[in-house]
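The values are calculated or read from the model by the stated rules, or taken from the named source; none is laboratory data. Note that the coordinates shown come from a computational prediction; the quantities given were computed from them, not determined experimentally. Cβ placement follows ideal geometry from the backbone for every residue including glycine, while neighbour counts extend to all protein chains displayed. In case anyone asks, the SASA skips ligands and DNA or RNA and just uses the protein heavy atoms, side chains included. Shrake-Rupley method; radii C 1.70, N 1.55, O 1.52, S 1.80 Å.
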Amino acid sequence: MTYDPIFQKAQEAFFFYKNVPGKEKAAFLRKIADGIESEKTQLIPLASEESNLPEGRITGELGRTCGQIRLFANLVEEGSWVEATIDHGDPTRTPAAKPDLRRFLTPLGPVVVFGASNFPLAFSTAGGDTVSALAAGCPVLYKAHPAHPKTSTLVSSIIQKAVKDSAFPSGLFQQVEGGVETGQALVKHPMAKAVAFTGSHVGGKSLFDLANQREEPIPVFAEMGSVNPIFTFSKKLENDIVGAAKSFVGSLTLGAGQFCTNPGLIFVPKSLEKEFADAVKSELEDITAAPMLHEGIAESYYSALQYLQGRNELEWVKVAAAKDLIKGHPALAKIKSKDWLKDNKFQQEVFGAFALMVIYKTEDELLEIAQKLQGQLTVTIWAEEEELKDQLYLINLLEEKCGRMLYKGVPTGVEVGYAMHHGGPYPSTTDSRSTSVGVYSIKRFARPIALQDMPDILLPDALREGNPLKIWRMVDGEFKK
């Protein structure tokens, strides 16, 4: 099958839509959010049925989805995200006249977005990747995830209605269905300008490699998972070891462990090994196994556990119940830090409610661990302030290994806002400079361009004199509104 016709439609939509004022883009995005909410009585049970996620979880996810859509509507309406910068010319300057230079961010073009299985709404059809691309001014070709086809189709129809009601070209949003070959064809198409993906490391890395083998390489913003380690210190842990165990287990088993931010790794001092392991085991005994997203994910989960159960370095605190066709029973194993350091396979994500407890004896071991640690979406430190003041070198090491560092709480629960960074060094993502959550995700789908001595009549609104948008921008080296 050739995808030339849909890319041609997307390209035609791009030349129209890129010049649409931010206020009109914002109104369009709000139509999508309103449409999703108007269909929630049909959408929530449908998404729940296709994903095995409870309706309460889907209800919350729907709220998050609409909230982030409206967040981007506010962003593009205000307009300062384009980083408008004006450097006025000076024809009297000697020995050479100074040109008039104006710089801002302009959209890339048609973007290919892949839906995620574990978030049928918030990281799928109208999820953060799609919405941030539309907000930036890019048409979207959405590759629907086969795990929730009916949900994708319904949300797709809502977006397409918003496109029509806004009098925008139909090529602005198009859903494409198919398997691996379809996804590869979309990425390889010469009109594709960027790719957004949330899923496994194997899937994300293969798309990244494919995009870089093109005659014209394009950016791939792949969020590929993480084990999200928690580093615990003795004083903090012993102050409330039961509470710490409860928080850890709650985050580990949230959504049957099917979040990219579930903590799959926790470092515990030897002095508190038994007490903490017992507290965690007690909490795990009370957890009822929940259905996983689909049988394929459950199969992968139990295959990973089977491999780990064959490793002699591990001591099992909680062995998962007998393999279930769909439910993911939680599990926990312990390992000594010296053994953990020897094999990078102990850093690989097990997508499900499994964690590895690494026992360390000295803080020097933590430094070695931090150096060995691979790139993560998050790193969490549980320590009292008095313990932190002597750990600046460790903290500096860990900052180099993550996109978000937490000093209390747990990594699950990603705030959608202005200061969030949901990304991290490889292998957690393919580009640590980008985020897939929060307003800065819009900048994945834009590039800077400088306009030199352009006639006023051709300037975009953000770069015109008089600042018609009333946005903050840089003018001759000073921020002005």
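Normalising the average separation of contacting C-alpha pairs (under 8 angstrom, six or more residues apart) by the number of residues puts the relative contact order of the range 339-410 at 34 percent. Rolling a 1.4 Å probe over the heavy atoms of the protein chains gives the range 323-461 an accessible area of 48 Å² per residue.
Legend: calculated FRET efficiency, Lys40 to Glu299, from the Cβ-Cβ distance at R0 = 25 Å, rounded to 0.05, equals 0.20. Considering only Leu272, Leu252, Val475, whose Cα is most displaced toward the positive end of the charge dipole of the chain, charges sitting on Cβ of Lys, Arg (+1) and Asp, Glu (-1)? Of the candidates, Val475 comes out farthest on the positive side. The gain in end-to-end length when the Glu24 to Gln184 segment is fully stretched comes to 54.3 nm, 0.36 nm per residue minus the alpha carbon separation.
Between Asp339 and Phe479, the modelled label-to-label distance comes to 5.3 nm, taking each label 7 Å out from Cα in the direction of the beta carbon. Helix 273-285 versus the longest principal axis of the chain: what is the Cα-based angle in degrees, 0 to 90, to the nearest 10? Taking the Cα atoms of the chain, the angle to 273-285 is about 70 degrees.
For the pairs Lys236/Lys270; Lys40/Lys246; Lys143/Lys188, flag any whose C-alpha to C-alpha distance is greater than 23 Å. Over 23 Å Cα-Cα: Lys40/Lys246. For Glu215 and Gln348, the FRET efficiency from 1/(1 + (r/R0)^6), where r spans their Cβ atoms and R0 equals 22 Å, is about 0.05. Using 0.36 nm per residue and subtracting the Cα-Cα separation, the extra length available between Ser282 and Asp90 on full extension is 61.8 nm.
For the residue pairs Lys336/Lys389; Lys98/Lys193; Lys205/Lys401, alpha carbon separations beyond 22 Å are given by Lys336/Lys389; Lys98/Lys193. Would you mind classifying the range 432-481 by shape? Square roots of the alpha carbon gyration tensor eigenvalues, ordered a ≥ b ≥ c; an a/c under 1.5 is rounded, otherwise it is prolate if a/b is larger than b/c and oblate if not. It is prolate, given that a/c is not under 1.5 and a/b is the larger ratio. Computing FRET efficiency as 1/(1 + (r/R0)^6) for Glu415 and Gln306, where r is the C-beta to C-beta distance and R0 is 25 Å, gives about 0.10.
Over the range 1-115, Cα pairs under 8 Å with separation of 6+ residues give a relative contact order of 28 percent. The gain in end-to-end length when the Ala97 to Glu465 segment is fully stretched comes to 130.4 nm, 0.36 nm per residue minus the alpha carbon separation. The spacing between the range 388-460 and the range 196-233, judged by their C-alpha centroids, is 15 Å.
Partners of Lys23 within straight-line reach, counting lysines whose Cα lies under 21 Å from its Cα and excluding those fewer than 8 residues away in the same chain: Lys31, Lys161, Lys164, Lys443, Lys470, Lys480, Lys481.
State the percentage of accessible surface on the chain attributable to carbon and sulfur atoms; use a 1.4 Å probe and exclude ligands, DNA and RNA. So the carbon and sulfur contribution to the accessible surface is 53 percent. Distance between Cα centroids, the range 238-280 to the range 168-192: provide it in whole Å. The two parts, judged by their Cα centres, are 42 Å apart. Whole Å is fine, so just give me how far the alpha carbon centre of the range 17-35 lies from that of the range 138-153. Centre-to-centre (Cα) distance: 20 Å.
Charges were assigned to the Cβ only: +1 to each Lys and Arg, -1 to each Asp and Glu. The resulting dipole of the chain about its Cα centre is roughly 680 debye. Label sites at Ile449 and Glu78, each approximated as a point 7 angstrom past Cα along Cα to Cβ, lie 2.5 nm apart.
For the range 191-323, a simple Cβ point-charge model (Lys and Arg +1, Asp and Glu -1, everything else neutral) yields a dipole of about 140 debye relative to the Cα centre. Per residue, the average separation of C-alpha pairs within less than 8 Å and at least 6 apart gives the chain a relative contact order of 19 percent. Among 352-364, 448-460, sorting by the average number of other beta carbon atoms lying within 10 angstrom of each residue, highest first, gives 352-364, 448-460.
Ellipticity at 222 nm from helices only: DSSP H runs of n ≥ 4 in the chain, each -39500 (n - 2.57), divided by the residue count, give -12000 deg cm²/dmol. In this structure the amide hydrogen of Cys260, modeled in the peptide plane, comes within under 5 Å of no amide hydrogen from residues 5 or more places off or on another chain.
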